[in-house]
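See below for the structure under consideration.
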Amino acid sequence: MDNRSFEYCAQQIGFTGFALVSPYWASKLRPDIFSSPFMAVSLTGSIDDVQTKFECEAYTVTFQDGDQVRCLAKTKDALIERIKWITGAKVNKVELYVNSSQPQANQAEVKAKREREANIKRLQAVAAQDLPSHDCSERREILDAKKALESLL
């Protein structure tokens, strides 16, 4: 995936919470980045780096016209409605994207690893805070995060 495609995905996920990984939709939603679908062809490549960096899930979106598009989203909550609001196109269904070249068991392992890494990052951020000298909920939260990190690492 080239820089322009990465920028498109990053900005779409940041602005709307999802990115339709399709040359057609990329050029339609962001003509400032892609003036035509032919410029967005690199979007059809690997999305693993974007998915990992932004900690999002890959879905298959099926539009009313039968077109199926990969979608990266932070959450599936109201995804059908959000896509309709942004694109104006009717969505029939949204399913978790299944990569046929990657076995199901491996996908579950990758997801569990991603969740564990995200949890560790969150705990590290909390544990890195300055410890208040008085007893309060913030102090207890920081101490709990440090204890949880010790058990995980």
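Which value, in debye to the nearest 20, describes the size of the charge dipole of the range 3-96 about its Cα centre when Lys and Arg Cβ atoms bear +1, Asp and Glu Cβ atoms bear -1, and nothing else is charged? Intermediate results must be reported in sequence, preceding the final value.
Details: 11 positive and 11 negative charges, 43 e Å.
Charge dipole, the range 3-96, about its Cα centre: 200 debye, nearest 20.
Quick check on the chain: helices-only [θ] at 222 nm, where DSSP H runs of length 4 and up contribute -39,500 (n - 2.57) each and the sum goes over total residues. Nearest 500, please. Each step should come with its number before you reach the end.
Values: 6 runs with 76 residues, N = 153.
After summing the helix terms and dividing by residue count, I get -15500 deg cm²/dmol.
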| Can you run phi through the Karplus equation (6.51, -1.76, 1.60; θ = phi - 60°) for the range 56-68 and list ³J(HN,Hα) in whole Hz, with x for Gly and Pro? | 10, 9, 9, 10, 9, 9, 10, 7, 4, 7, x, 5, 10
| By the scheme Lys and Arg +1, Asp and Glu -1, what is the net charge of all other residues having a beta-carbon under 12 Å from that of R70? | -4
| field | Rg/Rg_globular for the chain, with Rg_globular taken as 2.2 N^0.38 Å and Rg from C-alpha atoms | value | 1.29
| field | Residues with amide H under 5 Å from that of V21, placed H, sequence gap 5 or more | value | R70, C71, L72
| Of the peptides 73-79, 147-153, how do they stack up when ordered by the mean number of other Cβ atoms within 10 Å, highest first? | 73-79, 147-153
| note | In terms of the charge dipole of the chain, which places +1 on Lys and Arg and -1 on Asp and Glu at the beta carbon, the residue among A127, Q12, A78 farthest towards the positive end is A78
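Computed FRET efficiency, Cβ-Cβ of T60 and D135, R0 41 Å: what is it to the nearest 0.05? Walk me through the intermediate numbers first.
Working: r = 50 Å, r/R0 = 1.22.
My answer for the efficiency is 0.25.
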| Can you give the net charge of the other residues whose Cβ lies under 15 Å from the Cβ of Y24, counting K and R as +1 and D and E as -1? | +1
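Taken together, the values in this text are just the output of simple stated rules run on the coordinates, not laboratory data. Everything numeric in this text was worked out from a predicted model, so none of it was measured. Every residue, glycine among them, receives a Cβ derived from its backbone with ideal geometry; neighbour counts consider all protein chains shown.
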